[in-house]
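The values are calculated or read from the model by the stated rules, or taken from the named source; none is laboratory data. None of the values given here were measured: they were computed from a predicted structure. Every residue, glycine among them, receives a Cβ derived from its backbone with ideal geometry; neighbour counts consider all protein chains shown.
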Amino acid sequence: MGSPVGITLDRFIKSKQDDFPFASGELSQILRDIALASKIVNREINRAGLSNISGAYGSTNVQGEEQQNLDVVANIRFCRALTKGGEVCAIVSEEDDEVIDLQNSSGKYVVAMDPLDGSSNIDVNISIGTIFSIYRRVTPLGSPIQLEDVMQPGNKQVAAGYVLYGSSTMLVYTTGRGVNGFTYEHSLGEFFLSHPKMKAPLDGKIYSINEGLDSQIDEGLKQYIADCKAKNFSARYIGSLVADFHRNLLKGGIYIYPSTTKAPKGKLRLLYEANSLAFIAEQAGASASDGENRILDIIPDSLHQRTPLYIGSTEMVKTAEQTLREAKVH
Ligand code: P6P
């Protein structure tokens, strides 16, 4: 029996807690911490528009506070919420070169996150997102955080999710038992289940790629894009990964950020962009690879390493991979 649409995120998390007897509420606490921080970030984003207008002639916002980049603000909010929640001992964040040790010595979990992806889109009022992955630490509780705690392959994730700050604010996450989406009701300050058991269409007719990269990509990818055009697929590229991913997940489609001559490993980060969305994609019946290898099986060798990303409807990812392979042979 599925959960009724409209159940709050809190009630939903509690109802699913029995799925994780070993987690005894720890994972639930982390998800609540992330949801709380996302509500605060959501409010800051909405205010930013206003403060940017008034702050356009100075670096302070309407409250007269020092204007900080929203991705810095978001990073602080998520780190603070996870520190207070007590269940997370370390965070890998796009905003920090080094691992953030939260000093929660009893924290059994590690979070990898991009607090605010696509923040350059804020000034032009385009949707942006938070992306996160949750792992269990592998070294003994209370011992110093080791790189092996934070550089785990995506197939070790215990949970992953994203927040999309769009025309409505949504939190979408998985704990390995399917994907569920929640929509934020501002007037009540609550997320409500709006997209239970999300399943991506197996195939699609939307491709998302920055075609400005055409001169820098492999012949095989050029061929795949040409094939999409020949099939009259729609090109949709928002320039905001979470927004493009979310649309493709719901409607079917593929998002590609490829290897290029200038950036052979592409632009997106493995630990807190590709892995998180790949876990969600696979839980929703979609797929994610680097054009050849399953994203979730990539063994990380550095915190902020990049990876090419082909993610979305399984049939489209498979076709893209096959086109790349065939081009290599000829
Ligand atoms: P480009 C935003 O900076 C981001 O990380 C993703 O959200 C987005 O899909 C991509 O980069 C856009 O990159 O090179 O096409 O502008």
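I'm trying to understand the selection: among the residues of the stretch 248-267, which are surrounded by fewer than 24 Cβ atoms within 10 Å (Cβ to Cβ), away from the ligand (no atom under 12 Å from the Cβ) and either hydrophobic (A, V, I, L, M, F, W, C) or closer than 23 Å to G178 by Cα (or both)?
L250, K251, G252 - these are the residues of the stretch 248-267 that are surrounded by fewer than 24 Cβ atoms within 10 Å (Cβ to Cβ), away from the ligand (no atom under 12 Å from the Cβ) and either hydrophobic (A, V, I, L, M, F, W, C) or closer than 23 Å to G178 by Cα (or both).
So which residues in the stretch 222-247 are under 17 Å from the mean Cα position of the chain (by Cα), among the charged types (D, E, K, R) and surrounded by fewer than 22 Cβ atoms within 10 Å (Cβ to Cβ)?
Listed by number, the list holds a single entry, R247.
Touching a His at 6+ places or on another chain (Cβ under 9 Å) and in contact (Cβ under 8 Å) with a residue 24 or more places away in the chain: is that true of F191 in this structure?
no
Could you count how many residues in the stretch 112-134 are among the acidic types (D, E) and within 11 Å of the ligand (Cβ to nearest atom)?
The qualifying residues number 2.
Got at least one residue in the stretch 233-249 being more than 21 Å from G118 (Cα to Cα), aliphatic (A, V, I, L, M) and not assigned by TED's automatic domain parsing to the domain that holds S120?
Looking through the stretch 233-249, none of the residues is more than 21 Å from G118 (Cα to Cα), aliphatic (A, V, I, L, M) and not assigned by TED's automatic domain parsing to the domain that holds S120.
State whether one or more residues within the stretch 253-267 are in contact (Cβ under 8 Å) with a residue 40 or more places away in the chain and over 20 Å from Q305 (Cα atoms).
Among the residues of the stretch 253-267, at least one is in contact (Cβ under 8 Å) with a residue 40 or more places away in the chain and over 20 Å from Q305 (Cα atoms), which makes the answer yes.
Restricting to the stretch 268-290, give me the number of residues that are small (G, A, S), within 16 Å of the ligand (Cβ to nearest atom) and touching a Ser or Thr at 6+ places or on another chain (Cβ under 9 Å).
Summing the residues that are small (G, A, S), within 16 Å of the ligand (Cβ to nearest atom) and touching a Ser or Thr at 6+ places or on another chain (Cβ under 9 Å) in the stretch 268-290 gives 4.
Only one of (1) under 18 Å from H304 (Cα atoms); (2) at pLDDT below 95; (3) not in a loop (DSSP other than H, G, I, E, B) fails for E95. Which number is that?
So the condition that E95 fails would be (3).
Testing S302 on (1) within 12 Å of the ligand (Cβ to nearest atom); (2) in contact (Cβ under 8 Å) with a residue 60 or more places away in the chain; (3) among the small types (G, A, S), one condition comes back false. Which one is that?
(1)
Select, from Q146, Q157, the only residue that is buried (at least 21 other Cβ atoms within 10 Å of the Cβ) and outside the structural domain of D297 (by TED's automatic domain parsing).
Just a single option satisfies the conditions, and that option is Q157.
Only one of N121, N180 is within 19 Å of the chain's Cα centre (by Cα) and under 28 Å from P4 (Cβ atoms). Can you tell me which?
N180
Hey, any hits in the stretch 307-317 for a residue that's outside the structural domain of Y135 (by TED's automatic domain parsing), of a type in the set (D, E) and within 16 Å of P153 (Cβ to Cβ)?
no
Say we look at the stretch 135-169 and pick out the residues that are among the small types (G, A, S) and more than 13 Å from the chain's Cα centre (by Cα); which of these is farthest from the ligand (Cβ to nearest atom)?
G142
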